[in-house]
Amino acid sequence: MNAVPWLPFSEDWSTGLFETNQWVVVENNNWRIAGQVGNPAPSAEFYYNPAATNYQKALTSRWLSGRDLIDGNIYLSFKLKHTLVNATGHEYLKVQICTDTVWHTVSVDSNAVSFNWTERKVNLTEFAKGYAFKFRFLAEGQNSMDIFDWLIDNISVYRKCNAPTNLDANINFPSMTGFKLVWDPPSGGTGNSAFLAWDNGINNDAIGLQGGGTFSVAVRFTPAQLTEYAGTYLTKIRMFPYGPNGIITLKVWNGANASQLVLTQSVNSYTAGEWNVFTLNTPVLVTGTSELWFGYTVTHTATDYIAGCDNGPAVSPFGDMISLDGSVWESMSVTYGLNYNWNLQGFVEPQNLSQKKTSKQLFIRQNNDVEYIDGKDLQPSREIKNGRGLSHYDIYRNGEFLAAVDTTMYIDLVTTIWPWLCYTVRAVYSDCESDLSNEVCILCEECPKNSRQMEYYPVPADQTLTIQIKYKTNSLKISDFYYRTVYGATNLNPGAHSVNTSSFKDGIYFIQTVDETGNIQSSKFIVSH
């Protein structure tokens, strides 16, 4: 058995043979290679002769693989030309796709009118993504003498990941420093799934009240921090209850200062001394326009502290919020000098990624003696695999890479006078990249003159990278090419900061800083040992 090839797949019939790419034509002489016509020649042709009545004759591809694809959609495109004799509307050229043993019709043309070379594009994702599949062009009708031919050329089956949209650029008000880029996530929402957290993932200690009592803990995310996840739902809360005898109630709030309580859920039981994951009874929408707080209220004894925390430093006022009365919230590190973050994480994900679909469509049996059944609910339910893993966005200025960010906003602190600044953005997924977004250009005769927030050396880095910070910086993060964080620091003062890169693998890395006013700056560097 021949191996099933990966995408992309293409066919231009240049060899003049069906056998080259293992096309199958069974027991008919109507399908042939037309050596003198095409777009350009040659092409595949279904010819009217020999005459056939009540016929179904297929040109079938080899098996292709859509397995193990995480991101994007799978498309079939081809050029089609048709010449009719009698416009009966009863002669068809259908495109069908097969997974398992069922053929599904995804495109139909009839002999209602003749037309010249026309491009057809068909979305195969529902039936191809995650499966081995094949497709076919099925000529079908009552009398082949009512057409002259169907011509097919320039076939391509490929995977495409959606690009960001509506990129816009303006002066960064009110600071007037640089240009602010904003864009919309790829169509259909970001599709991102992630645990939102400020802790380092390792429990170090636990916090409680002297003599026991009740208090609430939470972590906080602003709309700017949630941009990437707008439209997803908070579905799980992960926490580290340290002691065994606490009474815990999960809670989710919206708004500044956790002003709106949107979910309360009692924890019936938990396992002390390890991470616990609790599924929310009602998922909470992440709007991206309102602050999101999640955490829990805990009641404990004088000797049994429950609220697990890392060893800091605290990301204040986000990872260390505490309330003694359930109303007034404080930063634990600022008010009480406890420089830690709660070991508290929330899982956000798109909803309805998996759904069942049944439809009344044409149904063709797979064997050679095909049977045509119309209008019956014969298509089996199947899972639509359209989960996506958007990693980050690459930003380009005047065609050159500028930065990589994990939000849908970037401030370009322009340091050089350019006549024009033209920007594009690309979405980078787990296993593919999108096309570039729309391009926006700004006439830059009087560009704001700014110094960059950071400089770094040497490049490429070997054992150590020195980052020179020019302004007070809330956070600094270094990520690898797949935007996995490999280093992080918070609350950095101006000056030189040394990062040990000896354990970094060779490759491309991204630095991202966020200053006190929320300005984001990203740069790219290389590690080479």
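If you go through the range 323-346 and keep only what is free of Cβ contacts under 8 Å to residues at least 24 places away in the same chain and touching a Phe, Trp or Tyr at 6+ places or on another chain (Cβ under 9 Å), you end up with D325, E330, S331, S333. Considering the range 474-503 alone, what residues qualify as being out of contact with any Phe, Trp or Tyr (no Cβ under 9 Å at 6 or more places or on another chain), in a strand (DSSP E or B) and under 29 Å from E433 (Cα atoms)? S475, T485, G488, A489 - these are the residues of the range 474-503 that are out of contact with any Phe, Trp or Tyr (no Cβ under 9 Å at 6 or more places or on another chain), in a strand (DSSP E or B) and under 29 Å from E433 (Cα atoms).
This table checks each residue for (1) in a strand (DSSP E or B); (2) closer than 23 Å to N21 by Cα.
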position	(1), (2)
K121	yes, yes
L138	yes, yes
Q142	yes, no
M145	no, no
F148	yes, no
N162	no, no
D168	yes, no
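Among the numbered conditions (1) of a type in the set (F, W, Y); (2) within 26 Å of Y429 (Cβ to Cβ); (3) assigned to a loop (DSSP other than H, G, I, E, B), the only one that Y471 does not meet is (2).
Taken over the range 107-130, the criterion of being out of contact with any Asp or Glu (no Cβ under 7 Å at 6 or more places or on another chain) and farther than 17 Å from R159 by Cα is satisfied by S107, V108, D109, A112, V113, S114, F115, N116, W117, T118, E119.
Yes/no matrix, rows are residues, columns are (1) surrounded by fewer than 19 Cβ atoms within 10 Å (Cβ to Cβ); (2) in a loop (DSSP other than H, G, I, E, B); (3) at pLDDT 90 or above:
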residue	(1), (2), (3)
I202	yes, yes, no
L209	yes, yes, yes
S216	no, no, yes
V219	no, no, yes
A224	yes, no, no
E228	no, no, no
L234	no, no, yes
I237	no, no, yes
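The residue that is surrounded by the fewest Cβ atoms within 10 Å (Cβ to Cβ), counting only those in the range 303-338 that are among the aliphatic types (A, V, I, L, M) and modelled with pLDDT under 90, is V315. Considered as a group, the residues in the range 271-295 that are more than 19 Å from D199 (Cβ to Cβ), β-branched (V, I, T) and in a loop (DSSP other than H, G, I, E, B) include one that is modelled with the highest pLDDT, and that residue is V286. Residues that are part of a strand (DSSP E or B) and closer than 20 Å to Q142 by Cα within the range 33-66 comprise E45, F46, Y47, T53, N54, Y55, Q56, K57, A58, L59, listed in sequence order.
The set of residues from the range 482-529 being on the phi > 0 side of the Ramachandran plot, modelled with pLDDT of 75 or more and of a type in the set (G, A, S) comprises G495, G507.
Those residues that are surrounded by fewer than 18 Cβ atoms within 10 Å (Cβ to Cβ) and either of a type in the set (A, V, I, L, M, F, W, C) or at negative phi (or both), I need them from the range 249-261; list them, please.
Selection gives T249, A256, S259, Q260, L261.
So which residues in the range 113-154 are over 27 Å from the mean Cα position of the chain (by Cα) and of a type in the set (A, V, I, L, M), if there are any at all? Scanning the range 113-154 gives V113, L138, A139, M145, I147, L151, I152.
The values are calculated or read from the model by the stated rules, or taken from the named source; none is laboratory data. Keep in mind it's a predicted model, so treat the numbers as computed, not measured. Positions of Cβ are backbone-derived with ideal geometry, glycine not excepted, and every protein chain shown enters the neighbour counts.
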